[in-house]
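The values are calculated or read from the model by the stated rules, or taken from the named source; none is laboratory data. Because the structure is predicted, anything quoted here is derived from the model rather than measured. Here the Cβ positions follow ideal geometry from the backbone for every residue, glycine too, while neighbour counts run over all protein chains shown.
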Amino acid sequence: MRLTFFTDYGLRVLMRLTNEPDRAFTTAELADEFRISRNHLAKVISALAAAGYIEARRGGGGGAKLARPASEIRLGEVVARLEAGKALVECFAPAGNSCTLTPQCRLKARLAHAVQVFLDDLDRTTLADCAYPAGTT
């Protein structure tokens with residue numbers, strides 16, 4: 001399974017915030033550190049805030065911080081939330097499935113099971129388990 005860049009960046013943001021939970025990070029600061037587009041990262045931060053993982057404030061003195069302890073944020077939950085609506089294969093998409101095998105396909109159920117096993121395994125890990133070691137940022 002391959003995660004989207006959106007989810008990859010979301011996990012990076014969460015890990016970075018975990019390293020310094022009392023500090024608010026600006027989008028610009030994180031984008032510079034990760035060497036990625038500020039606009040793209042703003043969308044990621046917005047999604048993380050909407051999901052309740054971070055608190056984001058605009059303006060002077062604003063920035064992003066974790067909304068709850070890292071030990072309460074499960075990675076499978078984060079990945080499932082950020083990957084929602086993104087089909088692993090065409091037949092998983094709610095619209096546009098043109099696969100002629102769909103009516104008798106036995107692979108789709110196996111793939112769906114594999115995705116669930118993947119997410120369940122990630123759920124055994126919290127964000128706190130993946131925090132940057134102190135002094136590495």
Exercise for the section: Would you tally the residues in region 40-62 being assigned to a helix (DSSP H, G or I), surrounded by fewer than 19 Cβ atoms within 10 Å (Cβ to Cβ) and touching a strand residue (DSSP E or B) at 6+ places or on another chain (Cβ under 9 Å)? Expected result: 2
Exercise for the section: Write out, first by first residue and then by second, each pair whose Cβ atoms fall under 6 Å of each other, whose residues are 6+ apart or on separate chains, and whose first residue, in region 55-70, is without any contact (Cβ under 8 Å) to a residue 12 or more places away in the chain and closer than 16 Å to GLY10 by Cβ while the second is outside any loop (DSSP other than H, G, I, E, B) and hydrophobic (A, V, I, L, M, F, W, C). Expected result: ALA56/ILE45; ALA56/ALA49; ALA56/ALA64
Practice task
Within region 74-90, identify whether any single residue is more than 15 Å from the chain's Cα centre (by Cα), in contact (Cβ under 8 Å) with a residue 40 or more places away in the chain and within 30 Å of LEU107 (Cα to Cα), and answer yes or no.
Solution key: yes
Completion exercise
In region 63-75, anything buried (at least 19 other Cβ atoms within 10 Å of the Cβ) and touching a Phe, Trp or Tyr at 6+ places or on another chain (Cβ under 9 Å) is listed as GLY63, ALA64, LEU66, ILE73
Problem - Boolean, GLY10 is small (Gly, Ala, Ser), part of a loop (DSSP other than H, G, I, E, B) and out of contact with any Cys (no Cβ under 6 Å at 6 or more places or on another chain) - result: no
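Considering region 99-113 alone, what residues qualify as being among the aliphatic types (A, V, I, L, M) and in a helix (DSSP H, G or I)?
Going residue by residue through region 99-113, those that are among the aliphatic types (A, V, I, L, M) are 101, 107, 109, 111-112.
Across region 99-113, the qualifying residues are LEU107, ALA109, LEU111, ALA112.
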Exercise for the section: Search region 114-137 for residues that are within 15 Å of ARG74 (Cβ to Cβ) and part of a helix (DSSP H, G or I) and pair each with any residue that is modelled with pLDDT of 95 or more and among the acidic types (Asp, Glu) when their beta-carbon atoms are under 9 Å apart and the residues are at least 6 apart or on different chains. Expected result: LEU119/GLU77; LEU122/GLU77; LEU127/GLU72; ALA128/GLU72
Problem - Of residues in region 1-24 being surrounded by 15 or more Cβ atoms within 10 Å (Cβ to Cβ) and more than 17 Å from the chain's Cα centre (by Cα), the one farthest from HIS113 (Cα to Cα) - result: ALA24
